[in-house]
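Working notes for the structure below.
The values are calculated or read from the model by the stated rules, or taken from the named source; none is laboratory data. Owing to the predicted nature of the structure, the values given are computational and were not obtained by experimental measurement. Every residue, glycine as well, gets a Cβ built from its backbone with ideal geometry; the counts of neighbours run over all protein chains shown.
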Ligand code: ATP
Ligand code: MG
């Protein structure tokens, strides 16, 4: 008898012919999540079993498991032989000492001499005689002891189902570039896309010397926290200080943010294409600030051909904050820092900039060489 973690996956079964691919990506991700912890992972009829792991690390293992997208639920239990004595011993280990209970047996091995009902009755009877404070209730039991008689002569016993992260395995829904700022929203946007199976890499714009290194360190930390969900990731940074100076010097003040965002999108598209990424991801939410109006979004979209995914577009700030807290990025996001967007911030940014006016103002700038020059400042960090 030894410890086992039974891992059930979500939604993968919906993917028909792609099932093999999804299962492959899922198992690679499980292996990545367990990196550094001794274990064995086996796939068996619609589930994975984690065995021979370092039992003293079970809490850490469960914590990591809870962040793997595609995990629908998991159970910590025991794997043992399938004789009645062995199953009873395992059932005892996962049973409560008092309260109401039932035994729920599933029998994959149809040649087993007893039916599921007979196994439940036999093991249940033995438990009752050992534990006087237990009572059977087959309709609304407080505890259910699950027994699973498998085809290879082993059986599983477990008590509860723990909820997994849901979603689909990262790496099975394409690749995107997250524009990550250091604020609360963009990390949550990255998490949302990873949850739907997208691999995410990170791009951050800074304005050194107007912004300092601690802003960059903060973004590195956020990318690291997110990589617990994305399981891999690369952070690229680009300096946009000179672009901001030029905009500030030559263009209408109320368009500062709008114009900067168009540069960010152009740069992001170049970086995405260089890295084989298929879309841009931002943390914008409709109406949250002056630049996040439909006109603002239209103006930034106009300079790129890649799709721009905005998973938070319909979220309220408090909804975003509660996800940030849940995924562990909030505390880092609220550390004080200067974002490049706060440098040269106009007093009254345009909320409904007209595309014709934007383009007219932009003509005052040498867009291609500013882009070229900014790309030279690119730095790469492996998370
Ligand atoms: P966040 O909380 O993500 O900083 P925000 O509410 O502060 O968002 P904005 O500053 O308008 O909103 O930024 C909108 C989006 O633009 C961000 O969610 C992010 O995707 C992108 N963005 C903003 N600043 C940067 C930056 N310095 N580097 C990379 N992307 C950025
Ligand atoms: Mg911000």
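Quick notes
- One residue alone among 157, 194, 165 is in contact (Cβ under 8 Å) with a residue 24 or more places away in the chain, more than 16 Å from ligand 2 (Cβ to nearest atom) and in a loop (DSSP other than H, G, I, E, B), and that residue is 165.
- Residue selected from the stretch 288-297 under the condition within 8 Å of ligand 1 (Cβ to nearest atom) and surrounded by 16 or more Cβ atoms within 10 Å (Cβ to Cβ), by the criterion farthest from the chain's Cα centre (by Cα): 291
- From the options 244, 278, residue that is under 17 Å from residue 205 (Cβ atoms) and assigned by TED's automatic domain parsing to the domain that holds residue 350: 244
- When the stretch 47-73 is filtered for residues that are closer than 24 Å to residue 227 by Cα, over 22 Å from the mean Cα position of the chain (by Cα) and touching a residue at least 24 places away in the same chain (Cβ under 8 Å), only 53 remains.
- Consider the stretch 197-224 and keep the residues that are within 13 Å of ligand 2 (Cβ to nearest atom) and free of Cβ contacts under 8 Å to residues at least 40 places away in the same chain. The one that is farthest from residue 375 (Cα to Cα) is 219.
- Exactly one residue out of 289, 313, 303 is over 22 Å from residue 172 (Cα atoms) and away from ligand 2 (no atom under 16 Å from the Cβ): that is 303.
- Restricting 285, 300 to residues that are touching a helix residue (DSSP H, G or I) at 6+ places or on another chain (Cβ under 6 Å) and surrounded by 18 or more Cβ atoms within 10 Å (Cβ to Cβ) narrows the list to 300.
- From 364, 326, 354, residue being under 28 Å from residue 224 (Cβ atoms), in the same structural domain as residue 180 (by TED's automatic domain parsing) and either surrounded by 13 or more Cβ atoms within 10 Å (Cβ to Cβ) or out of contact with any strand residue (DSSP E or B) (no Cβ under 8 Å at 6 or more places or on another chain) (or both): 326
- Test result for residue 277, buried (at least 21 other Cβ atoms within 10 Å of the Cβ) and assigned to a helix (DSSP H, G or I): no
- Residue 182 meets the conditions (1) part of a loop (DSSP other than H, G, I, E, B); (2) in contact with a strand residue (DSSP E or B) (Cβ under 9 Å, 6 or more places away or on another chain); (3) more than 16 Å from ligand 1 (Cβ to nearest atom) in every case but one. The failed one is (3).
- Of the residues screened, residue 179 is not one that is more than 16 Å from ligand 2 (Cβ to nearest atom) and either closer than 30 Å to residue 198 by Cα or in contact with a helix residue (DSSP H, G or I) (Cβ under 7 Å, 6 or more places away or on another chain) (or both).
- All conditions in (1) part of a helix (DSSP H, G or I); (2) at pLDDT below 95; (3) surrounded by 21 or more Cβ atoms within 10 Å (Cβ to Cβ) hold for residue 244, with the sole exception of (2).
- Subset of the stretch 185-219 that is touching a strand residue (DSSP E or B) at 6+ places or on another chain (Cβ under 6 Å) and away from ligand 1 (no atom under 11 Å from the Cβ) - its residue that is nearest to residue 382 (Cα to Cα): 201
This table checks each residue for (1) at pLDDT below 95; (2) surrounded by 14 or more Cβ atoms within 10 Å (Cβ to Cβ); (3) within 23 Å of residue 6 (Cα to Cα).
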site	(1), (2), (3)
80	no, yes, yes
89	no, yes, yes
102	no, yes, yes
125	no, no, no
139	no, no, no
151	yes, yes, yes
154	no, yes, yes
173	yes, yes, no
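- Residue 165 buried (at least 23 other Cβ atoms within 10 Å of the Cβ) and over 12 Å from residue 96 (Cα atoms): no
- Scanning the stretch 310-351 for residues that are at positive phi and either modelled with pLDDT under 95 or within 12 Å of ligand 1 (Cβ to nearest atom) (or both) gives a single hit, 344.
- Test: residue 76 is surrounded by 20 or more Cβ atoms within 10 Å (Cβ to Cβ) and either in a strand (DSSP E or B) or touching a residue at least 60 places away in the same chain (Cβ under 8 Å) (or both): no
- The lone exception for residue 235 - which of (1) touching a strand residue (DSSP E or B) at 6+ places or on another chain (Cβ under 8 Å); (2) at pLDDT 95 or above; (3) in a helix (DSSP H, G or I) it fails: (3)
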